[in-house]
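S.K.: Questions regarding the structure given below will be posed in turn.
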Amino acid sequence: MARLLSCVVVLVLMVCITQWGPSASLVVGHGQHVPHAEGAHMLNPNLGGQSVSDLERMEQGAERARQRMMDGDMESSVPRTAPEVTTTCEPKPYDFGSYSYCGANSISVDTYVVPTTSSGEPFKLRSLQLVARHGDRSPVNILPYYDVAYEQCDNTATLGVVVGGGKVQQSGSMKRRRPLGNASGFRMMEEHPWMDHVSITNPFAQRLWQGNCMTGQLTARGQEQLQEIGAAMRSVYVDKLGYLPQTYSRKSTSFFLRSTDVWRTRQSAQSLLSGLWPVSEEELAKNDPIDSTIPFYSFPQEVETMYNNAAACDALAKLQHEMQNESAWKKHLDVPQVWAELDRVMGIGGMATFHSTFGSTMDNFYTRQCHDLPLPCARNNRSDCIQQELADFVYGQGDWEYQYLYNASPRSKQLARLGISAFMAVIRDTLIARATGSDEAPDFVYYSGHDSTIGPVLGALNITGFRWPPYASNMLFELWQDPSAVDGAADHDAASSLSVRVVYNGVTLPIYAAGCCEDLCPFSQFVDYLNSIIPENLVELCSGSKDETMD
């Protein structure tokens with residue numbers, strides 16, 4: 001744990017994941033279980049991921065790249081406060097295109113634009129990072145009773161994850177688990193939710209819905225959403241650009257996957273990778289389960305940084321409490337007639353989970369309406385139901401909450417620094433490693449997370465006007481290089497030839513906060529801005545030993 005905390009202090013968390021993060025494995029095969037013997041992609045902690053030497057090289061390379069940046073070998077400073085930027089344009093309201101909470105848009109090969117020079121020569125893609133929310137799911141905020149059944153989770157209960165096992169081997173300062181392979185004798189299992197209310201095996205079953213979905217479980221539609229995004233990425237990054245390989249190989253594919261330790265985010269990653277790299281006939285014929293296994297890495301939820309984790313940061317918990325006691329927050333909740341109707345129909349009177357935010361109610365409405373299920377009705381009167389006008393009001397209040405917390409509040413930047421900054425450091429350090437020519441940094445990094453990942457990241461970039469991130473929301477961080485600098489080895493470290501592009505749900509977002517008025521943001525400006533929201537003393541700030549405002 002001491003080693004883990006030291007990683008948080010220096011904010012090189014991607015290195016920490018590869019060294020200490022427990023890995024796991026999952027089957028990748030069109031969102032459904034494919035028997036191991038038939039060549040399914042698996043992600044298995046017992047198979048370890050990269051070899052120990054690969055992990056050591058990744059650590060050393062990432063740290064060398066970051067140190068070169070800090071020492072000034074690249075044209076960028078490391079400011080302690082927000083950089084002074086001079087914009088040559090007036091920031092415009094962001095146009096996010098069409099919106100549906102039920103499912104996000106993504107990039108399309110038909111509209112995807114490769115940056116070019118003034119003479120029309122295409123830039124070269126140097127790095128790709130994806131931050132994505134899981135797909136459509138069942139509710140996570142539970143009502144006192146349910147008048148609908150959730151039957152949307154067919155074929156989503158099997159993941160093929162094997163956690164633990166293997167013999168620990170020591171190598172230098174690292175302990176890794178020895179791969180067990182098929183010889184381990186481990187069997188695959190699948191989960192079947194037992195939601196039959198007539199069963200006498202559980203007298204409390206009637207407190208929840210009927211159907212085949214567990215709480216917060218990825219639905220079949222959620223699987224399809226991520227698989228479609230993976231297929232769209234394949235059409236761009238594999239077929240159009242040739243940046244990613246045609247097929248996945250553990251031995252040769254430069255790829256890193258991190259997921260929160262939640263079932264639906266792991267399954268979402270499985271689904272997206274099934275669309276990006278479908279199991280090929282060649283893989284089936286080769287029948288090499290180890291080579292087709294995709295390792296992924298997770299932190300325990302107690303120390304996860306892919307969302308605002310108040311459990312890991314006392315100062316963050318205090319700040320969140322204070323923000324929800326601000327006059328603007330209280331005012332948006334001060335709608336007694338609305339709460340009276342919600343309490344009367346849904347039976348949520350006195351439930352703090354529902355009355356401190358509109359998000360919990362919104363969750364229950366959307367998980368119904370995204371599947372054409374009726375809005376909640378009173379327990380004893382099935383004709384006394386929530387009306388659409390009220391549901392729309394709740395949706396609007398939920399959007400307001402995300403925008404206020406992560407962008408509009410006077411304390412939103414402080415929230416970003418205490419909350420999502422450690423994860424933003426991972427994105428920054430990966431960009432730096434790729435920019436400095438580190439061979440250890442993966443070509444493609446995928447972070448599978450939540451709406452509570454996407455929202456804070458948008459807020460940290462000072463993106464204004466966004467609504468609650470839909471299911472399957474996706475953010476791409478692309479690092480592009482001017483082709484005139486690609487051929488000369490001496491120019492590979494030149495920050496002036498590099499630019500960052502951020503694409504959210506298929507829409508390119510200029511980063512005005514970094515002084516960038518165009519789709520491409522100069523690398524140094526982008527990194528300088530990230531540095532301004534990433535404190536170097538996060539552990540001290542979280543413990544309260546130093547005032548955040550003094551940093």
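Here, each number is a calculation from the coordinates, and none is a lab measurement. Just so it is clear, the structure is predicted and the values come from calculations on it, not from any experiment. Don't worry about glycine lacking a Cβ; one is built from the backbone with ideal geometry, like all the others, and counts go over all protein chains shown.
S.K.: Evaluate E = 1/(1 + (r/R0)^6) for A485 and S108, where r is the Cβ-Cβ distance and R0 equals 35 Å; express this FRET efficiency to the nearest 0.05.
M.R.: Computed FRET efficiency for A485 and S108 comes out at 0.75.
S.K.: Please work out the FRET efficiency for the pair E151 and E536, using the Cβ-Cβ distance as r and a Förster radius of 56 Å; give the result to the nearest 0.05.
M.R.: 0.65
S.K.: Also, quick follow-up: Let me know the charge dipole size of the stretch 322-409 about its Cα centre in debye, to the nearest 20, where only the beta-carbon of Lys, Arg (+1) and Asp, Glu (-1) is charged.
M.R.: 260
S.K.: Could you calculate the FRET efficiency of D372 with W194 from 1/(1 + (r/R0)^6), where r is the beta carbon distance between them and R0 is 30 Å, rounded to 0.05?
M.R.: FRET efficiency, D372 to W194: 0.75.
S.K.: Among M233, M323, M214, which comes first, then next, by fewest other beta-carbon atoms within 10 Å?
M.R.: M323, M214, M233
S.K.: Okay, next question. Order by neighbour count: Y446, Y366, Y404, fewest other Cβ atoms within 10 Å first, most last.
M.R.: Lowest to highest Cβ neighbour count: Y404, Y366, Y446.
S.K.: Just check the stretch 249-366 against the gyration tensor rule for me: Cα atoms, a ≥ b ≥ c as the square roots of the eigenvalues, rounded for a/c under 1.5, and otherwise prolate or oblate depending on whether a/b exceeds b/c.
M.R.: prolate
S.K.: Which three lengths, in whole Å and largest first, does the stretch 322-409 cover when its Cα atoms are put on their principal axes?
M.R.: The Cα atoms of the stretch 322-409 stretch 40, 26, 19 Å along the principal axes, largest first.
S.K.: Using the Karplus equation 6.51 cos²θ - 1.76 cosθ + 1.60 (θ = phi - 60°), what ³J(HN,Hα) coupling, rounded to whole Hz, does each residue of the stretch 400-411 give in order, writing x for Gly and Pro?
M.R.: Going residue by residue, I get 4, 4, 5, 5, 5, 4, 9, 9, 8, 5, x, 10 Hz, with x marking Gly and Pro.
S.K.: On to the next question. Could you give the distance between the Cα centres of the stretch 407-458 and the stretch 207-254, to the whole Å?
M.R.: 21
S.K.: Quick one: which residues, 5 or more positions from Q210 or on another chain, have an amide H under 5 Å from its amide H? H modelled 1.01 Å from N in the peptide plane, none for Pro or chain starts.
M.R.: Amide H neighbours of Q210, under 5 Å, 5+ apart: Y150.
S.K.: Spelling out what I want: for every residue of the stretch 506-516, take phi, set θ = phi - 60°, compute 6.51 cos²θ - 1.76 cosθ + 1.60 (Karplus), and round to whole Hz; glycine and proline get x.
M.R.: Result, ordered by residue: x, 10, 6, 10, x, 9, 4, 4, 8, x, 9 Hz.
S.K.: Turning to a different aspect of this structure: For the stretch 322-409, calculate the relative contact order in percent as a whole number, restricting contacts to Cα pairs under 8 Å that are 6 or more residues apart.
M.R.: That works out to 29 percent.
S.K.: Next question. Cut-off 15 Å, label point 7 angstrom out along Cα-to-Cβ of E282: give me the residues of the stretch 253-267 whose amide nitrogen falls inside.
M.R.: The answer is 253-254, whose backbone nitrogens lie closer than 15 Å to the label point.
S.K.: Let me ask you something else. So between D314 and H332, what do we pick up on full extension, going 0.36 nm a residue minus the alpha carbon distance?
M.R.: Between D314 and H332, full extension yields an extra 3.9 nm.
S.K.: When the Cα centres of the stretch 369-404 and the stretch 311-365 are compared, how far apart do they sit, in Å?
M.R.: Centre-to-centre distance over Cα atoms comes out at 15 Å.
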